[in-house]
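The values are calculated or read from the model by the stated rules, or taken from the named source; none is laboratory data. Computed from a predicted model, the values in this text were never measured in an experiment. Here the Cβ positions follow ideal geometry from the backbone for every residue, glycine too, while neighbour counts run over all protein chains shown. Note: areas computed on protein heavy atoms with side chains; ligands, DNA, RNA excluded. Shrake-Rupley method; radii C 1.70, N 1.55, O 1.52, S 1.80 Å.
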Amino acid sequence: MRAMRTWDIFCNVVDNYGDIGIAWRLARGLAGEHGLDVRLWVDDLRAFRHIWPAIVVDADRQVCEGVTVCAWRSPFAATRPAEVVVEAFGCALPEAYLAAMSEQSPSPVWINLEYLSAEPWVAAHHGLPSPHPRLPLTKYFFFPGYTPDTGGLLVEADLAERRTAFVQDGMPAFWRELGLAAPRADELRVSLFAYENPALPDLLDAWAADSHPVTCLVPEGRVMPQLAAWLAVPGLRAGDTGSRGALQVHVLPFMNQDRYDRLLWACGLNFVRGEDSCVRAQWAARPLVWQAYPQAEGAHWDKLGALLAHYTGGLDGATADAVSGIWRNWNATPGAPGMAACWAAWRERQAAIERHAQAWCGRLGLAGSLAGKLVEFAENKLKWRVFSNS
Ligand code: TRH
């Protein structure tokens, strides 16, 4: 029997939780579903612990969920490179490690995992090689995406099954664990994970003015000061609550990735941000509003437009407008309608949006599983290397 393939994934935490969130999800999938021997090198274990509290922040090496998690320190200690090396989001591998890669024969398969985008250029760039300027190494660009001709999306093989079981039987216990009553029949429960956002006060005003109860669950994070200002309180932390009109606000602790998934499955509408939570909200089969990570010169508006075009394709005009309106307002897209009108339109088309969110999940599967495609990509390159070295 062949020894387990070895993989190294390198992750540099720049800010927020998306980079480590994606690297961790990928590492767990490669080890758990593909039986690979995975090391995950992370330069900020404190940020990692935020999304996975079992992580010990001062351990040089620890095994968690079948993955060997290694502290990426500088200078980088001599290490034999793995057969497949994943550089997450162009994080720049340590020079010593690169030199060691170039001394291996055959040399490792080196893949740069790129950011997710629904933009049409992604498919044409997926898989392209880039030779190293000095060393005899080639890096390949692997682009996640929403269509079969891209690198696909992170998803576990049993996700739909786990979600269905949770929705059927797990919700009452989940609400109890969070210290909340089950939702009333006419109540809309919303989760809110967001960057600071000038549109937030208008959104909260719209919810406060709703004709039915709205409960907003907010994991602790960057919107706390804005939320506190709107509630006219000096500050907020996990466990705090507030209310105005029809709106009840509950601040939740930041939870581990698996529990956050359950929050997305349990809520009737999820506000998400960045990349990973956006995909998880789509897999939740619930309506979502996405806040793209703000970039210079409005580059994120192109990303937003591309995902909106994909997501709303095939919807009737009024429903597509209701989805686009609130997404565009939430992202301060030029010319977006005002929030009160957006919220009224969303409420008006809510039932159709909910049906679409369910159907969308099925269509998402067509893109394929990112971990599965990555393994296939690497295996093809490895086979070719063995062949060309023999
Ligand atoms: O944290 P983010 O804003 O990360 C962003 C994006 O990835 C963006 O593309 C990148 O360029 C920028 O950082 C630097 O949003 P994202 O991607 O949704 O990642 C959040 C992670 O946190 C995700 O894995 C879900 C997880 N999470 C929890 O585990 N528990 C929680 O309570 C919450 C709210 C999130």
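Mind checking which residues of region 224-269 are surrounded by fewer than 20 Cβ atoms within 10 Å (Cβ to Cβ), near the ligand (Cβ under 8 Å from one of its atoms) and over 17 Å from the mean Cα position of the chain (by Cα)?
Pro253
Out of curiosity, is Tyr115 open to solvent by less than 20 Å² (accessible area, probe 1.4 Å), out of contact with any Gly (no Cβ under 7 Å at 6 or more places or on another chain), touching a residue at least 12 places away in the same chain (Cβ under 8 Å) and in the same structural domain as Ala378 (by TED's automatic domain parsing)?
In short, no.
Can you find even one residue in region 92-106 that is in contact with a Pro (Cβ under 7 Å, 6 or more places away or on another chain), in contact (Cβ under 8 Å) with a residue 12 or more places away in the chain, open to solvent by less than 70 Å² (accessible area, probe 1.4 Å) and part of a loop (DSSP other than H, G, I, E, B)?
Yes, region 92-106 contains at least one residue that is in contact with a Pro (Cβ under 7 Å, 6 or more places away or on another chain), in contact (Cβ under 8 Å) with a residue 12 or more places away in the chain, open to solvent by less than 70 Å² (accessible area, probe 1.4 Å) and part of a loop (DSSP other than H, G, I, E, B).
Are any residues in region 55-64 surrounded by fewer than 11 Cβ atoms within 10 Å (Cβ to Cβ) and either basic (Lys, Arg) or within 20 Å of the chain's Cα centre (by Cα) (or both), and if so, which ones?
Arg61
Restricting to region 4-25, and then to whatever is touching an Asp or Glu at 6+ places or on another chain (Cβ under 8 Å) and without any contact (Cβ under 8 Å) to a residue 60 or more places away in the chain, can you tell me which residue is farthest from the ligand (Cβ to nearest atom)?
The residue in question is Met4.
Can Ala306 be described as in a helix (DSSP H, G or I), under 24 Å from Pro144 (Cα atoms), open to solvent by 10 Å² or more (accessible area, probe 1.4 Å) and within 16 Å of the ligand (Cβ to nearest atom)?
Taking the combined requirement at face value, the residue satisfies it.
Out of the residues in region 26-39 that are within 14 Å of the ligand (Cβ to nearest atom) and open to solvent by less than 20 Å² (accessible area, probe 1.4 Å), state the one that is farthest from Leu93 (Cα to Cα).
Gly29
Output the residue which, of all residues in region 270-292 that are within 12 Å of the ligand (Cβ to nearest atom) and of a type in the set (Val, Ile, Thr), is farthest from Asn329 (Cα to Cα).
Val279
Which of the residues that make up region 94-115 are aliphatic (A, V, I, L, M) and out of contact with any Lys or Arg (no Cβ under 9 Å at 6 or more places or on another chain)?
Ala96, Leu98, Ala99, Met101, Leu113
Of the numbered conditions (1) assigned to a loop (DSSP other than H, G, I, E, B); (2) open to solvent by less than 30 Å² (accessible area, probe 1.4 Å), Asp15 satisfies every one except a single condition; which is it?
The one condition Asp15 does not meet is (2).
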